[in-house]
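**Q** Here it is, the structure, as structure tokens.
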Amino acid sequence: MNVGFIGAGTVGTALALTLSSRGYRVVAVSSRTPASAELLASQVPGCRALPTAQAVAQATDLVFITTPDAAIGEVASQINWRQGQMAVHCSGADSLDILDPARSQGALPGAFHPLQSFASPAQAVENLPGSYFALEGEDPLLGTLKEMAVALRGRQVILHPGDKVLYHVAAVLVSNYTVALMGMANDLWQVFGVSPEESTRALLPLLQGTLNNVARLGLPHCLTGPIARGDTGTIHKHLLALVSAAPVLVPAYRELGLRTIPVALAKGKIDQERANAMQAL
């Protein structure tokens, strides 16, 4: 089976490199920026940079469309697909409907989304092993995508129409909003004169320790801190300090605290009376 990529950004590059290293025949790539396609092709044995998406489709059996999400449907509609050819996108939020132009011509649509944070191609290749892949499609394509996930040393979750957006919301909450929380914490450290660079270095071991607790103990037992203890005195001090020094963060602190109370209850270290007191506070 010949595999091709339309789009040579971070995700396309990472998947092309890792699939090639696991024995898949990645033979063609195209990109809006020819230099990007040339660079990727130069790193994959037997791969050619081709001038158009149609040329990639003609040369391959399975086509990954790894463009930005907004361009996937347009790319799919511009290609003359073959009966039984496999068309796969890697969007985290879109389902298979954006590949309807390919389906209408007899191609098999699928989705293959790595549940991972990719800041650069090199870092993406490093992070892929052990990741989950969200798969959509029907056999025989679904079987092929499952095999690819295993070859990439990953695991898989099968999604159905209607699942994808909520799946992606969950990913954003865990990944992107953790970064936002780090930014909020950095802002607080600047109030007492510590730079963002230094506060990130100081807070990172705490974040890593929290992730270790999640991995080892799971929810809800990994929860620590004043809400887990039912410590209303400390929470009150937090609110007063935020109102004085960083009032813009009060709504986020309150909402996150309210969402944490049920986790603390489930852990079993506080009773309903203490939970009610924290909720009122």
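The values are calculated or read from the model by the stated rules, or taken from the named source; none is laboratory data. On a predicted model such as this, the values are computed, not experimentally measured, just so you know. Every residue, glycine among them, receives a Cβ derived from its backbone with ideal geometry; neighbour counts consider all protein chains shown. For accessibility, only protein heavy atoms count, side chains too; no ligands or nucleic acids. Shrake-Rupley method; radii C 1.70, N 1.55, O 1.52, S 1.80 Å.
**Q** Within the range 63-90, take every residue that is of a type outside the set (A, V, I, L, M, F, W, C) and crowded, with 22+ Cβ neighbours inside 10 Å and give me the one that is farthest from GLY7 (Cα to Cα).
**A** Of the residues in the range 63-90, the ones of a type outside the set (A, V, I, L, M, F, W, C) are 66-69, 73-74, 77-78, 80, 82-85, 89.
From the residues that got through so far, the ones that are crowded, with 22+ Cβ neighbours inside 10 Å too are 66-67, 89.
Working: THR66: 5, THR67: 5, HIS89: 10 Å.
Ranking the candidates gives HIS89 first.
Results for (1) open to solvent by 70 Å² or more (accessible area, probe 1.4 Å); (2) touching a residue at least 60 places away in the same chain (Cβ under 8 Å); (3) under 20 Å from LEU96 (Cα atoms), shown as yes or no for each residue.
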{"residue": "MET1", "(1), (2), (3)": "yes, yes, no"}
{"residue": "ILE6", "(1), (2), (3)": "no, yes, yes"}
{"residue": "VAL44", "(1), (2), (3)": "no, no, no"}
{"residue": "ASP61", "(1), (2), (3)": "no, yes, yes"}
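**Q** May I ask you to verify whether VAL56 is of a type in the set (A, V, I, L, M), assigned to a helix (DSSP H, G or I), closer than 25 Å to ASP139 by Cα and in contact (Cβ under 8 Å) with a residue 24 or more places away in the chain?
**A** Values: of a type in the set (A, V, I, L, M): yes; assigned to a helix (DSSP H, G or I): yes; closer than 25 Å to ASP139 by Cα: yes; in contact (Cβ under 8 Å) with a residue 24 or more places away in the chain: yes.
When the stated conditions are applied, VAL56 passes them.
**Q** Also, I was wondering about something else. Looking at the range 96-107, which of its residues are touching a Ser or Thr at 6+ places or on another chain (Cβ under 9 Å) and hydrophobic (A, V, I, L, M, F, W, C)? Reasoning before the result, please.
**A** Looking only at the range 96-107, we keep the residues that are touching a Ser or Thr at 6+ places or on another chain (Cβ under 9 Å), and these are 98, 100-102.
Once the filter is applied, which keeps residues that are touching a Ser or Thr at 6+ places or on another chain (Cβ under 9 Å) and hydrophobic (A, V, I, L, M, F, W, C), the range 96-107 yields ILE98, ALA102.
**Q** Anything in the range 136-154 that is out of contact with any Gly (no Cβ under 8 Å at 6 or more places or on another chain) and closer than 18 Å to GLN116 by Cα? List them, or say none.
**A** Answer for the range 136-154, where residues must be out of contact with any Gly (no Cβ under 8 Å at 6 or more places or on another chain) and closer than 18 Å to GLN116 by Cα: LYS146, MET148, ALA149, VAL150, LEU152.
**Q** Something else about it: Can you name the number of the only condition in (1) of a type outside the set (Asp, Glu); (2) surrounded by 13 or more Cβ atoms within 10 Å (Cβ to Cβ); (3) farther than 28 Å from LEU39 by Cα that LEU166 fails?
**A** Evaluating LEU166 over (1) of a type outside the set (Asp, Glu); (2) surrounded by 13 or more Cβ atoms within 10 Å (Cβ to Cβ); (3) farther than 28 Å from LEU39 by Cα leaves (2) as the failure.
**Q** Sticking with this one: Here is a list of conditions, (1) in a helix (DSSP H, G or I); (2) within 28 Å of ASN80 (Cβ to Cβ); (3) open to solvent by 50 Å² or more (accessible area, probe 1.4 Å), and ALA122 meets all of them except one; can you say which number that is?
**A** It fails just one condition, (2).
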